[in-house]
Amino acid sequence: MSSLKIVWHEQTSDFGQPMPWFGSWLVGDGETEGDWFHSGRGAAETTHEPPDEAVGVRLRFWPSEGLDPEYIDLPLPHSGVIETISLDYDHPGPHSRLDLLQQ
């Protein structure tokens, strides 16, 4: 994959403000977090060049600021695009979705 586009849709936190987002690379076996690539409050589209060792991304968000963030782990998409509004953040079990790479 030459580049990854992420559409950070504007979502509102429990405090009525744009929700904070943070993106980092997952490397190696997909359980190791690498460098971060984005920090912002949504309502943005960003394009990133994944490092050679990247196998996925971890997207953190803070629906309640002051508490620990929630997150989702995703493999790098074949389409090269991730839209945060279409992700299933309530998926039960481990947050890692990297097993989707083997399908």
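For the chain, what is the accessible area per residue in Å², given a 1.4 Å probe and the full set of protein chains?
Numbers: 6050 Å² over 103 residues.
Ligands and nucleic acids excluded, the figure is 59 Å² per residue.
Would you pull out the residues with amide H under 5 Å of Gly56's amide H, same chain only if 5 or more places away, H placed 1.01 Å from N?
Distant-sequence amide H within range of Gly56: Leu26, Leu76.
Determine the share of the chain's accessible area contributed by carbon and sulfur atoms, expressed in whole percent, with a 1.4 angstrom probe.
47 percent
Given H placed on each backbone N at 1.01 Å, which residues far from Phe37 in sequence or on other chains put an amide H within less than 5 Å of it?
Hits under the 5 Å cutoff: Gly23, Ser24, Trp25.
Explain nothing, just compute: Karplus ³J(HN,Hα) = 6.51 cos²θ - 1.76 cosθ + 1.60, θ = phi - 60°, for every residue of region 27-35 in order, whole Hz, x for Gly and Pro.
So the J values, rounded to whole Hz, are 10, x, 7, x, 9, 9, 8, x, 5.
Pop out the ³J(HN,Hα) list for region 12-21 in order, Karplus 6.51 cos²θ - 1.76 cosθ + 1.60 with θ = phi - 60°, rounded to Hz; leave Gly and Pro as x.
9, 6, 4, 9, x, 10, x, 5, x, 10
Quick check for me: using +1 on Lys/Arg Cβ and -1 on Asp/Glu Cβ, what's the dipole size of the chain about its Cα centre, in debye to the nearest 20?
That gives the chain a dipole magnitude of about 240 debye.
First measure r as the distance between the Cβ atoms of Asp52 and Asp29, then evaluate 1/(1 + (r/R0)^6) with R0 = 25 Å and state the FRET efficiency to the nearest 0.05.
Taking R0 as 25 Å, the efficiency between Asp52 and Asp29 is 0.95.
Put +1 on the Cβ of each Lys and Arg and -1 on the Cβ of each Asp and Glu in the chain; which of Ser79, Ser24, Pro50 then has its Cα farthest toward the positive end of the dipole?
My answer, from the dipole projection, is Ser79.
The values are calculated or read from the model by the stated rules, or taken from the named source; none is laboratory data. What you see is a predicted model; the values in this text were computed from it and never measured. Because the Cβ atoms are built from the backbone with ideal geometry, glycine has one as well, and the counts that use them run over all protein chains shown. Only protein heavy atoms, including side chains, enter the accessible area calculation; ligands, DNA and RNA are left aside. Shrake-Rupley method; radii C 1.70, N 1.55, O 1.52, S 1.80 Å.
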